[in-house]
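Okay, so here's the structure we're looking at.
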Amino acid sequence: MFKSRTISIPIYRSYEEVYDFLAEPRNFPSWASNLGADFVQIGENDWATTTRSGRVILRFAPRNAFGILDHQVFVEGKTPLTTPMRLIENDEGCEIIYTQFQRPGMSEEGFASEVEWVTSDFEALRSLLETRLADEVIFEDEDGK
């Protein structure tokens with residue numbers, strides 16, 4: 001079994017607003033620092049980009065009623081990684097919950113660095129959603145939400 005660390009960040013915005021934002025993959029580059037400017041859709045739920053690991057394909061969970069925001073990361077020549085990510089309602093706000101796994105061959109220092117990086121990205125997400133997005137929407141889905 002892989003070592004894991006679960007990160008939970010409260011966000012003081014409505015569950016619906018945060019879910020709508022996170023369920024739209026085009027919004028990820030605005031807060032996920034590892035996604036490059038070449039983040040492009042290549043299939044219904046698949047997106048391609050260049051990260052520090054090279055060219056990757058990300059497959060996002062389709063919209064659902066359960067707050068599931070999982071995505072898979074495909075890197076050529078490696079086993080796909082599934083990244084569990086959930087949004088849960090918490091009174092008038094919500095919690096983003098993400099589990100980071102220590103991949104085979106990753107050092108303790110590398111794992112700690114990944115956890116710190118992801119936590120920093122989620123803090124950026126919280127800041128974005130609680131401040132800048134208070135009065136604006138970056139992208140809407142095809143239903144205008």
In segment 50-132, which strands (runs of 3 or more DSSP E) lie fully inside it and hold 3 or more residues that are within 15 Å of residue 19 (Cα to Cα) and not hydroxyl-bearing (Ser, Thr, Tyr)?
85-90, 93-101
Go through segment 3-25 and give me each residue that's more than 11 Å from the chain's Cα centre (by Cα) and either at positive phi or charged (D, E, K, R) (or both).
3, 5, 13, 16, 17, 20
Restricting the first residue to segment 14-39 and requiring it to be over 19 Å from residue 55 (Cβ atoms) and part of a loop (DSSP other than H, G, I, E, B), which pairs with a second residue that is of a type in the set (Gly, Ala, Ser) and modelled with pLDDT of 90 or more meet a Cβ separation below 6 Å and a spacing of at least six or different chains?
31/124
Flag if residue 76 is at pLDDT below 95, of a type outside the set (Phe, Trp, Tyr) and farther than 19 Å from residue 32 by Cβ:
yes
Looking at residue 98 and the list (1) surrounded by 14 or more Cβ atoms within 10 Å (Cβ to Cβ); (2) more than 19 Å from residue 125 (Cα to Cα); (3) among the aromatic types (Phe, Trp, Tyr), which single condition is not satisfied?
(2)
Here are 39, 2: which of them is of a type in the set (Phe, Trp, Tyr), at pLDDT below 90 and either crowded, with 17+ Cβ neighbours inside 10 Å or touching a Pro at 6+ places or on another chain (Cβ under 7 Å) (or both)?
39
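The values are calculated or read from the model by the stated rules, or taken from the named source; none is laboratory data. Please read all numbers here as calculations on a predicted model, not as lab measurements. We place every Cβ from the backbone using ideal geometry, glycine too, and count neighbours over all the protein chains shown.
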